[in-house]
1. When region 152-178 is examined, which residues are found to be open to solvent by 70 Å² or more (accessible area, probe 1.4 Å) and aliphatic (A, V, I, L, M)?
2. Applying the selection to region 105-128, what residues are surrounded by 20 or more Cβ atoms within 10 Å (Cβ to Cβ), of a type outside the set (D, E, K, R) and under 20 Å from residue 178 (Cα atoms)?
3. Look at residue 32 and say whether it is modelled with pLDDT under 70, in a helix (DSSP H, G or I), at negative phi and under 20 Å from the mean Cα position of the chain (by Cα).
Amino acid sequence: KSSSSSSGKVQPHPCSIKRMATRLHKRRQALRLRQAMTLVTINQRSSIRAQALKNGWRSGLEESLAADLRERQVPFQYEENVLLYQVPSRTAKYTPDFYITTKAGATIVCESKGRFCTADRQKMLLVKQQHPELDIRFVFSNPRQRISKQSQTTYGDWCEKHGFLYATRLVPEEWLNE
C-alpha cells in the first residue's frame, strides 16, 4: 500500500521500505561473499603457484604431477632434455616437462598444461611433425576448457583431432602399464 503526502506525491508504505532495505542488504552481503570467495580462490592459486616456483617447478600442476609420480614410484625426468625444432625461418627449442618411463621401458613425453594457448598448440604440432619418434601426451588441468572464447573446440578435442593422448590432472595408470 502507499499513502499520499501533503505535497500530493505517493509515498511507499513504511513496511515496503523496510522490505526493500532488507533485500538490498541481503544482495550486498551476497555480493561481498562472492567477492571474498573469488579473492580466496585467486589467493589460493597464487600461493600454490608461488610455492611451486619456490620448489623449482614452473606451475602447481607440474609439482602435483611429479609428487603423484613419485608416490607411485614411477621413474621420470623433469625438463632434462631440450628438443630442437624448426619454426619457419628459425630453429627453436622445446623442453618437455616430463620424460616418463613405462613399466615396459618405453618413454612417454608428458606435457602438463593449465593454459594451452595458440603458440603452444602450433609448437606442439611442429614438434610432433619433426620428432615422430616421440610419444607426446598431455595432462591438462581441465581438458574441457575451450581453446578460445569464440571456439567450441576444447583442449581435449584439439588433442583428439591431432592424434595426441591426454588426461586430466594426473598421469593415468594405463599409460604407466603400457
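The values are calculated or read from the model by the stated rules, or taken from the named source; none is laboratory data. Worth saying up front: this structure is predicted, and the values here are computed from it rather than measured. Heads up, the Cβs are rebuilt from the backbone with ideal geometry, glycines too, and the neighbour counts pull from every protein chain shown. Heads up: the accessible areas ignore ligands, DNA and RNA and are worked out on the full protein's heavy atoms, side chains in. Shrake-Rupley method; radii C 1.70, N 1.55, O 1.52, S 1.80 Å.
1. 165, 170
2. Correct list: 108, 109, 110, 112.
3. no
A quick yes/no check of all residues on (1) of a type in the set (Val, Ile, Thr); (2) under 25 Å from residue 134 (Cα atoms); (3) open to solvent by 50 Å² or more (accessible area, probe 1.4 Å); (4) modelled with pLDDT of 85 or more:
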| residue | (1), (2), (3), (4) |
| --- | --- |
| 6 | no, no, yes, no |
| 13 | no, no, yes, no |
| 19 | no, no, yes, no |
| 39 | no, no, yes, no |
| 42 | yes, no, yes, no |
| 59 | no, yes, no, no |
| 87 | yes, yes, no, no |
| 90 | no, yes, yes, yes |
